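Undergrad: For reference, the structure I am asking about is given below.
The values are calculated or read from the model by the stated rules, or taken from the named source; none is laboratory data. Computed from a predicted model, the values in this text were never measured in an experiment. Cβ atoms come from the backbone with ideal geometry, glycine included; neighbour counts cover every protein chain shown.
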Amino acid sequence: MSGYCIIATAWGPLGLAWSEVGLLRVQLTDIDGATTKGRLLHKLPEPEEADPPDWLAPTTTELQRYFSGKPVAFSAIPLDLEKIAPFHRAVYDQTLLVGFGHTVTYGELAARAGQPGAAQAVGQAMGRNPMPVIIPCHRVLASNNKLGGFSAPGGQTTKLMLLDLEGVRLGRNNPAQYVFPF
């Protein structure tokens, strides 16, 4: 049995889905709540809309704090990674260790996950990350601290905005000038 909800954040509606094991998926904000909900439910087997279970309620508060620009660590959240391939899971485990306001390159993350030279495979894992922000794929950069890709709504603009929110500056001076491209 799984459930989902849409919560309000300073950036807009955010989707959360969970199982009995833990958090299953996070859908970053999109044009509106209906679009966010549609993207969240696209790959889930018939979850029910519900209030977050008690164990997830602190996470909703922390996500709201995060999108208001407050430093937050999501390391205590139970995650349901049971259907994740072993290499991707190793990459996600290492990504969880990259703290607020810090970054790592795809190559560095590959080495930390036990597969030096597998930067491209790390990029693929980041592109399939089911829980952006919680598993902070936005903190993973290309070599020479170039932005790299980002598959969430808004693409690289959203990645840059998340990094700016955390105080990481990659060549732009005024985070207030950014707008979502959708």
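Undergrad: So is L24 more than 25 Å from Q124 (Cβ to Cβ) and either crowded, with 17+ Cβ neighbours inside 10 Å or within 15 Å of the chain's Cα centre (by Cα) (or both) or not?
TA: No; evaluated as a whole, the condition is false for this residue.
Undergrad: Among F87, F100, which is assigned to a loop (DSSP other than H, G, I, E, B), closer than 24 Å to K146 by Cβ, aromatic (F, W, Y) and at pLDDT 90 or above?
TA: Answer to the selection: F100.
Undergrad: Step by step: first the residues of segment 43-69, then only those that are closer than 22 Å to T157 by Cβ, part of a loop (DSSP other than H, G, I, E, B) and not polar (S, T, N, Q), then the one that is farthest from the chain's Cα centre (by Cα). Which residue is that?
TA: For segment 43-69, the residue satisfying everything is G69.
Undergrad: Just need a number here: residues in segment 112-163 that are among the charged types (D, E, K, R), buried (at least 21 other Cβ atoms within 10 Å of the Cβ) and under 16 Å from R89 (Cβ atoms).
TA: Of the residues in segment 112-163, 0 are among the charged types (D, E, K, R), buried (at least 21 other Cβ atoms within 10 Å of the Cβ) and under 16 Å from R89 (Cβ atoms).
Undergrad: Right, another one. Inside segment 55-100, can you point out the residues that are in contact (Cβ under 8 Å) with a residue 60 or more places away in the chain and of a type in the set (F, W, Y)?
TA: Y66, F67, F74, F100
Undergrad: So how many residues does segment 153-182 have that are closer than 21 Å to P71 by Cα, in a loop (DSSP other than H, G, I, E, B) and at pLDDT 85 or above?
TA: Looking only at that region, the number is 4.
Undergrad: Cβ-Cβ under 7 Å, sequence separation 6+ or interchain: first residue in segment 1-26 and closer than 14 Å to R39 by Cβ, partner buried (at least 19 other Cβ atoms within 10 Å of the Cβ) and of a type in the set (K, R). Which pairs?
TA: A17/R25
Undergrad: In segment 109-147, which residue that is under 12 Å from the mean Cα position of the chain (by Cα) and of a type in the set (D, E, K, R) is nearest to E82 (Cα to Cα)?
TA: Within segment 109-147, the match that is nearest to E82 (Cα to Cα) is R128.
Undergrad: Then there is this: Go through segment 88-108 and report how many residues are under 18 Å from the mean Cα position of the chain (by Cα) and farther than 21 Å from E166 by Cα.
TA: So the answer is 4.
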